[in-house]
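Inspection log for the structure reproduced underneath, given as structure tokens.
The values are calculated or read from the model by the stated rules, or taken from the named source; none is laboratory data. The structure presented is a predicted model; accordingly, all values stated were derived computationally and were not measured. Positions of Cβ are backbone-derived with ideal geometry, glycine not excepted, and every protein chain shown enters the neighbour counts. Protein only, heavy atoms only, side chains kept; ligands, DNA and RNA dropped before computing areas. Shrake-Rupley method; radii C 1.70, N 1.55, O 1.52, S 1.80 Å.
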Amino acid sequence: MSDSDGRDPIAFSPNGRRRARGLGLPLRGTTGPLNAITDVPGVTVGMTTLISGDGEKAVRTGVTAVLPRPPDALLHPCWAGTFAMNGNGELTGCHWIREAGWFTGPITVTNTCSLGLAHHGTVRWLAHRFPDVIGEGVWPLPVVGETYDGWLNDIAGLHLDESHVLAAIDSAAGGPVAEGSVGGGTGMIAYEFKGGTGTASRRVETGAGTYTLGVLVQANHGVRPWLTVAGVAVGRLMPEGRFRSTESGSIIVVLATDAPLIPTQIERLARRIGIGMGRGGTPSGNDSGDIYLAFSTANDPGQVPLGPTVGFTSLGDQEMDALFMATVDSVEEAILNAMLAAETMTGRRGRVVQAIDPQRLRDLVCAKP
């Protein structure tokens with residue numbers, strides 16, 4: 001498969017920058033055709049990106065929407081699980097997911113100060129889409145996540161509004177997913193390089209058949225000396241442009257799969273996200289909000305409110321190791337893709353965050369001993 005410019009989406013982001021596989025980094029596992037969360041059938045992604053102004057009022061932010069089902073089926077629950085590796089952040093809807101094992105509606109991810117607005121906009125979208133249901137016995141509990149972009153963005157200016165959230169949800173589509181400084185990842189920073197939005201996927205072979213697992217990350221975590229790629233401590237060898245002495249970021253990870261799983265199994269997948277994140281070198285610092293959502297599109301129970309019985313088909317626990325490894329590998333790669341797609345950005349107060357140098361990274365990782 002190739003995009004409209006003939007580029008392989010596994011190797012190139014939509015903006016033309018080489019992804020981790022296009023750079024030749026040694027990564028494990030077999031990707032889906034797009035190497036994106038949209039390889040999971042029915043999952044779509046939309047974004048609104050806000051870049052304007054400079055100086056004190058520079059706007060470098062946005063919102064990302066992940067639709068786990070087609071728009072008309074978004075009141076059909078997805079079975080889910082969550083996990084916080086370090087809880088210095090927010091992902092709404094987690095209480096109900098832990099209680100009932102499912103959620104409905106779009107997932108949105110933005111900056112810390114706009115989380116409430118994204119929640120409001122998501123509810124508005126649901127109310128418009130399902131006017132005879134929302135408020136008549138069905139109440140929305142949207143899943144909304146955040147990471148902090150205040151180093152580059154005038155975060156206290158609250159520049160995101162309801163229309164931006166509605167536009168992100170309405171624009172959700174399949175196909176290659178934009179990466180880098182886009183959507184909710186616009187102003188984000190990873191390991192003191194420019195970070196942002198990234199995605200990856202894996203094909204997973206089990207005794208019951210082949211399934212797809214994909215992730216989307218909003219990478220805004222880590223300090224430079226921690227950065228490790230394919231086992232090589234590259235961050236210590238690339239110290240230029242450092243501006244932090246301690247961790248002060250976060251990461252939100254959304255995982256989707258079409259494998260049939262019960263909620264306890266899905267929560268087990270969510271926990272393994274932290275291992276993939278840890279491969280990049282971070283210990284999940286004290287000031288970081290490292291929060292994960294995993295869901296399965298299988299076992300659609302129909303629209304809420306649910307009936308008196310719900311049926312499940314699920315993989316046996318002995319099949320979970322393949323999904324665990326796919327989770328770890330996908331998260332590791334999605335974070336790299338976010339960093340490699342991002343470009344150097346000048347933001348609030350003239351602050352500059354450099355993009356990682358892809359050729360230097362490749363040389364360090366692939367150098368012969």
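For the structure I just gave you, tell me whether GLY249 is small (Gly, Ala, Ser) and at pLDDT 95 or above.
So GLY249 fails the test.
Just to be sure before I move on: is ASN299 more than 24 Å from LEU25 (Cβ to Cβ) and modelled with pLDDT of 95 or more in the structure I sent?
It is true that ASN299 is more than 24 Å from LEU25 (Cβ to Cβ) and modelled with pLDDT of 95 or more.
Out of ARG7, ARG17, ARG28, I need the residue that is open to solvent by 40 Å² or more (accessible area, probe 1.4 Å) and free of Cβ contacts under 8 Å to residues at least 24 places away in the same chain. Which one?
Only one candidate qualifies: ARG7.
For residues in region 216-244 being among the small types (Gly, Ala, Ser) and surrounded by 24 or more Cβ atoms within 10 Å (Cβ to Cβ), which is farthest from TYR292 (Cα to Cα)?
The residue in question is GLY222.
Checking ARG272 against (1) over 18 Å from ALA200 (Cβ atoms); (2) free of Cβ contacts under 8 Å to residues at least 60 places away in the same chain; (3) assigned to a helix (DSSP H, G or I): exactly one of these is not met. Which one?
For ARG272, the exception is condition (1).
Please work out which residue is nearest to LEU67 (Cα to Cα), limiting yourself to region 251-299 and to residues that are among the hydroxyl-bearing types (Ser, Thr, Tyr) and touching a His at 6+ places or on another chain (Cβ under 7 Å).
Checked region 251-299; the qualifying residue nearest to LEU67 (Cα to Cα) is SER288.
When you scan region 22-101 for strands (runs of 3 or more DSSP E) that lie fully inside it, which ones turn up with 2 or more residues that are within 21 Å of ASP290 (Cβ to Cβ) and not small (Gly, Ala, Ser)?
59-67, 78-87
Considering only region 64-90, how many residues are open to solvent by 10 Å² or more (accessible area, probe 1.4 Å), under 17 Å from the mean Cα position of the chain (by Cα) and among the hydrophobic types (A, V, I, L, M, F, W, C)?
Total satisfying the criteria: 3.
Give me the pairs, please: first residue somewhere in region 31-48 and under 16 Å from ASN337 (Cα atoms) and open to solvent by 10 Å² or more (accessible area, probe 1.4 Å), second residue anywhere and at pLDDT below 95 and not acidic (Asp, Glu), beta-carbon distance under 6 Å, and either six or more positions apart or on two chains.
Filtered contacts from region 31-48: PRO33/MET1.
Being crowded, with 19+ Cβ neighbours inside 10 Å, of a type in the set (A, V, I, L, M, F, W, C) and on the phi < 0 side of the Ramachandran plot narrows it down to one residue among VAL304, VAL310, VAL331; which is it?
Residue meeting the stated conditions: VAL331.
If you scan region 275-297, which residues turn out to be part of a loop (DSSP other than H, G, I, E, B) and charged (D, E, K, R)?
Within region 275-297, ARG279, ASP287 meet the criteria.
Give region 137-158 a look and list any residue that's assigned to a strand (DSSP E or B) and touching a residue at least 60 places away in the same chain (Cβ under 8 Å), or say none.
VAL138, VAL143, GLY145, GLU146, THR147
Pick from VAL365, VAL353, VAL328: which is hydrophobic (A, V, I, L, M, F, W, C) and out of contact with any helix residue (DSSP H, G or I) (no Cβ under 9 Å at 6 or more places or on another chain)?
When all the criteria are applied, what remains is VAL353.
Report every pair of residues separated by at least 6 positions or lying on different chains whose Cβ atoms are under 9 Å apart, first residue within region 113-136 and closer than 29 Å to GLY289 by Cβ and open to solvent by 60 Å² or more (accessible area, probe 1.4 Å), second part of a helix (DSSP H, G or I) and of a type in the set (Gly, Ala, Ser).
CYS113/ALA156; CYS113/GLY157
Considering each residue of region 102-133, count those that are touching a strand residue (DSSP E or B) at 6+ places or on another chain (Cβ under 7 Å), assigned to a helix (DSSP H, G or I) and under 20 Å from VAL43 (Cβ atoms), and give that number.
Here the count works out to 3.
Which residues, counting only those in region 159-215, are in a strand (DSSP E or B), of a type outside the set (Val, Ile, Thr) and either surrounded by 24 or more Cβ atoms within 10 Å (Cβ to Cβ) or within 15 Å of the chain's Cα centre (by Cα) (or both)?
GLY180, ALA190, PHE193, LYS194, GLY196, GLY198, ALA200, SER201, ARG202, LEU213, GLY214
Could you grab the pairs with beta carbons closer than 6 Å, sequence gap of 6+ or different chains, first residue in region 69-82 and farther than 14 Å from LEU306 by Cα, second one in a strand (DSSP E or B)?
ALA80/TRP102; ALA80/PHE103; ALA80/PHE295; GLY81/ALA294; THR82/LEU293
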